Amino acid sequence: MRPTPIKWPNHAKIAVSFFVAFEAFEKYSQYRQGGDKPDYASLAYGEYGGKAGIWRIMDVLNRNGVKGTIDTNGRIAEDFPDALKELHAAGHEIVGHGWVNDTALSSLDAVQEKTLIKRTLDALTSVTGKRPVGWVSPGHRVNEYTFGNFVDEGIFWTGDLPGPDIPQHRVVNGKPLIIMPRLGYANDLSLIFNAKNPARFYFDSFKAAFDCLYAEGQAGAPKLIDCLVHAHIGGRPNIIGVFEECIRYAKGFPEVWFATKGEIAKYYLDTYVTKS
């Protein structure tokens with residue numbers, strides 16, 4: 001059966017969010033992975049995000065008047081609190097993203113996982129004064145008790161599952177959990193860093209997806225799209241330009257809803273879950 005179309009505020013044809021992974025690491029970043037001992041070159045590559053990349057990304061978001069959704073490891077609150085404070089003060093959404101990026105929730109038991117989630121949320125809250133209500137797990141690796149731990153800790157949306165180009169929801173422990181689909185149409189890690197494609201490939205992929213989804217919205221079935229950069233990858237000068245080009249391209253169209261993932265999830269919760 002063809003799904004019933006959803007509607008966005010103000011009859012928008014598409015919802016667009018800009019996603020930033022602001023990550024910390026204990027042993028290694030994506031630069032070079034593996035081993036039980038710290039890889040200092042790999043760690044230094046990851047630290048670029050807090051030292052340079054996140055500031056460049058903030059400038060791009062602010063210059064274009066859009067708010068980002070910032071997947072933030074808890075350790076960022078210790079390593080780069082000034083950046084975290086500025087992100088929050090500028091109105092960007094801070095989202096839980098594990099304590100460090102090289103520890104997957106799926107490697108923990110239920111109690112360890114719950115402790116890590118709470119530790120992460122508490123650390124971010126201690127810097128911003130606002131407890132996150134969204135979560136994206138490192139590597140999107142979750143297990144059978146992750147979603148229960150989310151709702152028990154006040155999380156009402158997650159970006160951990162692939163899905164159609166619209167939000168969905170589940171009821172977990174008697175509470176709704178909004179599933180904001182994991183999309184890879186513009187992802188600097190998968191499209192550029194891992195695949196070794198030129199940076200231009202990032203914009204071309206975003207544009208192809210945006211044009212298709214916008215046309216579907218014009219035809220009466222609005223969707224959503226995101227645009228993801230990692231502060232230590234896409235915040236570098238050879239990639240940041242195509243990220244900004246995606247923002248400017250989307251802003252060239254009428255009836256586009258620019259929103260954080262949390263704003264989209266809350267609208268979906270209020271409109272399609274609470275009222276149903």
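The values are calculated or read from the model by the stated rules, or taken from the named source; none is laboratory data. On a predicted model such as this, the values are computed, not experimentally measured, just so you know. Heads up, the Cβs are rebuilt from the backbone with ideal geometry, glycines too, and the neighbour counts pull from every protein chain shown.
Does G49 satisfy being in contact with a Gly (Cβ under 9 Å, 6 or more places away or on another chain) and of a type in the set (G, A, S)? In short, yes. Return yes or no: is A104 aliphatic (A, V, I, L, M), within 23 Å of Y28 (Cβ to Cβ), surrounded by fewer than 19 Cβ atoms within 10 Å (Cβ to Cβ) and modelled with pLDDT under 95? For A104, the condition - aliphatic (A, V, I, L, M), within 23 Å of Y28 (Cβ to Cβ), surrounded by fewer than 19 Cβ atoms within 10 Å (Cβ to Cβ) and modelled with pLDDT under 95 - is met. Of all the numbered requirements in (1) surrounded by 14 or more Cβ atoms within 10 Å (Cβ to Cβ); (2) free of Cβ contacts under 8 Å to residues at least 40 places away in the same chain; (3) not in a helix (DSSP H, G or I), L228 misses one, and that requirement is (2). For G53, the test of being at pLDDT 95 or above, farther than 19 Å from V136 by Cα, among the small types (G, A, S) and surrounded by 24 or more Cβ atoms within 10 Å (Cβ to Cβ) is passed.
Taking every residue in region 75-94 that is touching a residue at least 24 places away in the same chain (Cβ under 8 Å) and under 17 Å from A21 (Cβ atoms) and pairing it with any residue that is part of a helix (DSSP H, G or I) and of a type in the set (F, W, Y), at least 6 positions away or on another chain, the pairs with Cβ-Cβ distances below 8 Å are A83/W55.
If we scan region 54-68, do we find a residue that is of a type in the set (S, T, N, Q) and farther than 30 Å from G252 by Cβ? No, region 54-68 contains no residue that is of a type in the set (S, T, N, Q) and farther than 30 Å from G252 by Cβ. For region 131-147, taking the residues that are out of contact with any helix residue (DSSP H, G or I) (no Cβ under 8 Å at 6 or more places or on another chain) and modelled with pLDDT of 95 or more, the one that is nearest to D71 (Cα to Cα) is identified as V136.
Look through G98, G154, G91, G134 and report the one residue that is surrounded by 19 or more Cβ atoms within 10 Å (Cβ to Cβ) and touching a Lys or Arg at 6+ places or on another chain (Cβ under 7 Å). If you could, list the steps in order and put the result at the bottom.
Details: G98 fails: touching a Lys or Arg at 6+ places or on another chain (Cβ under 7 Å); G154 fails: surrounded by 19 or more Cβ atoms within 10 Å (Cβ to Cβ); G91 fails: surrounded by 19 or more Cβ atoms within 10 Å (Cβ to Cβ).
G134 is the lone residue from the list that is surrounded by 19 or more Cβ atoms within 10 Å (Cβ to Cβ) and touching a Lys or Arg at 6+ places or on another chain (Cβ under 7 Å).
Once region 231-276 is narrowed to residues that are more than 18 Å from the chain's Cα centre (by Cα) and among the hydroxyl-bearing types (S, T, Y), the residue that is surrounded by the most Cβ atoms within 10 Å (Cβ to Cβ) is Y272. Residues in region 216-223: is at least one of a type outside the set (V, I, T), touching a residue at least 24 places away in the same chain (Cβ under 8 Å) and touching a helix residue (DSSP H, G or I) at 6+ places or on another chain (Cβ under 7 Å)? Yes, the conditions are met somewhere in region 216-223. Just one residue in the set T115, T120, T103 is polar (S, T, N, Q), part of a helix (DSSP H, G or I) and either under 25 Å from V229 (Cα atoms) or touching a Phe, Trp or Tyr at 6+ places or on another chain (Cβ under 6 Å) (or both); that residue is T120. Only one of the numbered conditions (1) touching a residue at least 60 places away in the same chain (Cβ under 8 Å); (2) assigned to a helix (DSSP H, G or I); (3) surrounded by fewer than 16 Cβ atoms within 10 Å (Cβ to Cβ) is not met by P164, and that is (2).
Is region 9-20 home to any residue that is of a type outside the set (A, V, I, L, M, F, W, C), outside any helix (DSSP H, G or I) and closer than 22 Å to I240 by Cα?
Checked against the condition, which is being of a type outside the set (A, V, I, L, M, F, W, C), outside any helix (DSSP H, G or I) and closer than 22 Å to I240 by Cα, region 9-20 yields at least one hit.
Of the residues F206, F147, which is part of a helix (DSSP H, G or I), in contact (Cβ under 8 Å) with a residue 40 or more places away in the chain and touching a strand residue (DSSP E or B) at 6+ places or on another chain (Cβ under 7 Å)?
F206
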